[in-house]
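In what follows, a single structure is set out as structure tokens and then discussed.
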Amino acid sequence: MKKTEFYDLLMDTLEIESVDAVDESTDLTDLEEYDSLAVLSLIAMIDEHFSKRIPGTDFQKITTVQSLMDMIGAGSFES
Amino acid sequence: MNAVIQKIGVYLPETVLTNDALAREFEDWNSEKVEKRAGIRERHVAGENETALDLAEKACRDVLRDEDPESVDFVILCTQSPEYYLPTGACILQDRLGLSVRTGALDISLGCSGFVYGLALAKSFMASDTADRVLLVTSDVMTRHLHPRDRANRTIFGDGAAATLVGRSDREGILNFSLGTDGSGFRNLIVPNGGMRHRYDPDAPDIADGFGGTRTDNHLYMNGPEIFNFTIDAVPKTVADVLEKNEMTLEDVDYVIFHQANKYMVEYLRKKIGIPHEKFYLNMLYTGNTVSATIPIGLNDVMKQGIVKPGDTVLVSGFGVGYSWGATIIKI
């Protein structure tokens, strides 16, 4: 998936309205939309679009969008 | 010999906790957002002196209103908020309901899969000529296990009880089961303290959940992401398995009721499995997640509303704490 597509997908998945756009440097944990239910939406999105399962405890390590992409795997993204 | 679901009684405690009330308690807690995503507007909360057994008794009185109590010859109580370590809650329930002393009684300790397991036991009792009419009671006061500042779980869980009469019949009513267990996940949904392994600790320190909530080891801990991972894996498999065991396909099923965990999770499972919207139960708006009671509450709801009619087949599946899961197909 193209990184820009992924940013749009994140905006949709997390229903982000507090900022106009996200990129790899956006810290998800700073967003008011990022709560425990948002994490469930990320799990569903990663399962649906990447067919991957991220261990639950790893979600606590997520900060920036880049850290999330690293967790999904660099091979899943193209610039 | 066949077993059928004859009747369901429900009891929800009087006190209602609304999203607006939670929003007043917790800063940055958005009522509308919670309703939209979790699918919950209100949940019932047991009174200070009201236990799961009290709720169970009321649900039983509801289902037994026009029934001869002598006709019940087995009581199964499924709860994870027991009255005592011992004795067994179902024994006390037999006395409170004035059931015959010839009634068998036992408790099962399961959460969200409990109703399906209870049906499996009830059916087996009939197949073995042990019982003719089983009162299957699923009751929990999950809110009692929650830390007052645990806003995520206080949002999701509600208290409630259901009593289901399962009886012998000439026609098929409860078909074959798919059951499963993976105890390796037991730490992901747990009340760590208060049992024999770790005793209740009055000085247990606060633990932050990372999303503005707090708990201690005396309270319920739920690793939401791990639980979701588990359900994404287990539920589609158990649905496929129960269909295979009954030589059916999803097209042969008239309606599907999953344990009502939260709207987001249940709706994702629906899409992933490919169950049509119109065949799928999704209603926790006024009850929240009532653990082992969600499936019979849902069944009662769709039977009363005429959404399912006599002769219809309903696939039910429960999944959660343990991990434990199960599914069966019911002919109404």
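The values are calculated or read from the model by the stated rules, or taken from the named source; none is laboratory data. Since we're looking at a predicted model, the values are computed, not measured. A quick note on method: Cβ atoms are made from the backbone with ideal geometry, for glycine too, and the neighbour counts reach across all protein chains shown. For accessibility, only protein heavy atoms count, side chains too; no ligands or nucleic acids. Shrake-Rupley method; radii C 1.70, N 1.55, O 1.52, S 1.80 Å.
List every residue pair whose Cβ atoms sit under 7 Å apart, with the two residues 6 or more apart in sequence or on different chains, where the first one lies in segment B:305-332 and is touching a residue at least 40 places away in the same chain (Cβ under 8 Å) and more than 21 Å from residue B:6 (Cβ to Cβ) and the second, anywhere, is of a type in the set (D, E, K, R) and open to solvent by 10 Å² or more (accessible area, probe 1.4 Å).
B:323/B:182
Residues that are touching a Cys at 6+ places or on another chain (Cβ under 7 Å), away from every other protein chain (no Cβ under 14 Å) and of a type in the set (Gly, Ala, Ser): does segment B:39-53 have at least one?
Step one: of segment B:39-53, the residues touching a Cys at 6+ places or on another chain (Cβ under 7 Å) are none.
The answer is no, given that none of the residues of segment B:39-53 is touching a Cys at 6+ places or on another chain (Cβ under 7 Å), away from every other protein chain (no Cβ under 14 Å) and of a type in the set (Gly, Ala, Ser).
For residues that are under 28 Å from residue B:222 (Cβ atoms) and either open to solvent by less than 20 Å² (accessible area, probe 1.4 Å) or among the hydroxyl-bearing types (Ser, Thr, Tyr) (or both), scanning just segment A:1-21, find the one that is farthest from the chain's Cα centre (by Cα).
Among those that are under 28 Å from residue B:222 (Cβ atoms) and either open to solvent by less than 20 Å² (accessible area, probe 1.4 Å) or among the hydroxyl-bearing types (Ser, Thr, Tyr) (or both), it is A:18.
Quick one: which strands (runs of 3 or more DSSP E) sit completely within segment B:246-332 and have at least 2 residues that are open to solvent by less than 10 Å² (accessible area, probe 1.4 Å) and within 26 Å of residue B:192 (Cα to Cα)?
Here the list reads B:313-320, B:324-331.
Could you grab me the full set of residues in segment A:15-49 that are polar (S, T, N, Q) and more than 8 Å from chain B (Cβ to nearest Cβ)?
If the condition is that a residue be polar (S, T, N, Q) and more than 8 Å from chain B (Cβ to nearest Cβ), then A:18, A:25, A:26, A:29 are the ones that fit.
Can you go through B:34, B:63 and tell me which one is modelled with pLDDT of 95 or more and β-branched (Val, Ile, Thr)? So that I can check it myself, show each step before the final result.
Values: B:34 fails: modelled with pLDDT of 95 or more.
On inspection, the qualifying residue turns out to be B:63.
Within segment B:251-266, track down each residue that is touching a Lys or Arg at 6+ places or on another chain (Cβ under 8 Å) and more than 21 Å from residue B:36 (Cα to Cα).
B:253, B:254, B:255, B:256 - these are the residues of segment B:251-266 that are touching a Lys or Arg at 6+ places or on another chain (Cβ under 8 Å) and more than 21 Å from residue B:36 (Cα to Cα).
With respect to residue B:187, is the statement that it is open to solvent by 60 Å² or more (accessible area, probe 1.4 Å), part of a loop (DSSP other than H, G, I, E, B), assigned by TED's automatic domain parsing to the domain that holds residue B:299 and not polar (S, T, N, Q) true? Step through it out loud before you land on a result.
Details: open to solvent by 60 Å² or more (accessible area, probe 1.4 Å): yes; part of a loop (DSSP other than H, G, I, E, B): no; assigned by TED's automatic domain parsing to the domain that holds residue B:299: yes; not polar (S, T, N, Q): yes.
No.
Select from segment B:275-332 the residues that are closer than 25 Å to residue B:240 by Cβ and among the small types (Gly, Ala, Ser) and list them in ascending order.
The answer is B:292, B:298, B:311, B:317, B:318, B:320, B:322, B:324, B:326, B:327.
Restricting to segment B:253-274, name every residue that is of a type in the set (Ser, Thr, Tyr) and more than 10 Å from chain A (Cβ to nearest Cβ).
B:255 - this is the single residue of segment B:253-274 that is of a type in the set (Ser, Thr, Tyr) and more than 10 Å from chain A (Cβ to nearest Cβ).
Which is among the basic types (Lys, Arg), open to solvent by 50 Å² or more (accessible area, probe 1.4 Å) and assigned to a helix (DSSP H, G or I), of B:144, B:149, B:171, B:154?
Details: B:149 fails: assigned to a helix (DSSP H, G or I); B:171 fails: assigned to a helix (DSSP H, G or I); B:154 fails: open to solvent by 50 Å² or more (accessible area, probe 1.4 Å).
The unique qualifying residue is B:144.
Tell me which of these residue B:211 doesn't satisfy, since it passes every other one: (1) in contact (Cβ under 8 Å) with a residue 12 or more places away in the chain; (2) surrounded by fewer than 20 Cβ atoms within 10 Å (Cβ to Cβ); (3) in a loop (DSSP other than H, G, I, E, B); (4) more than 14 Å from chain A (Cβ to nearest Cβ).
Unmet condition: (4).
Quickly run through segment B:160-196 and pick out the residues that are farther than 25 Å from residue A:57 by Cα and among the β-branched types (Val, Ile, Thr).
B:164, B:166, B:174
When residues of segment B:190-208 are filtered for being closer than 24 Å to residue B:23 by Cβ and either surrounded by 13 or more Cβ atoms within 10 Å (Cβ to Cβ) or at pLDDT below 95 (or both), how many remain?
Count: 2.
Considering only segment B:222-229, I want to know if a residue exists there that is at pLDDT 95 or above, farther than 25 Å from residue B:10 by Cβ and assigned to a loop (DSSP other than H, G, I, E, B).
The answer is no, given that none of the residues of segment B:222-229 is at pLDDT 95 or above, farther than 25 Å from residue B:10 by Cβ and assigned to a loop (DSSP other than H, G, I, E, B).
Filtering segment A:37-73 down to residues that are surrounded by fewer than 18 Cβ atoms within 10 Å (Cβ to Cβ) and β-branched (Val, Ile, Thr), which residue is nearest to residue B:184 (Cα to Cα)?
A:57
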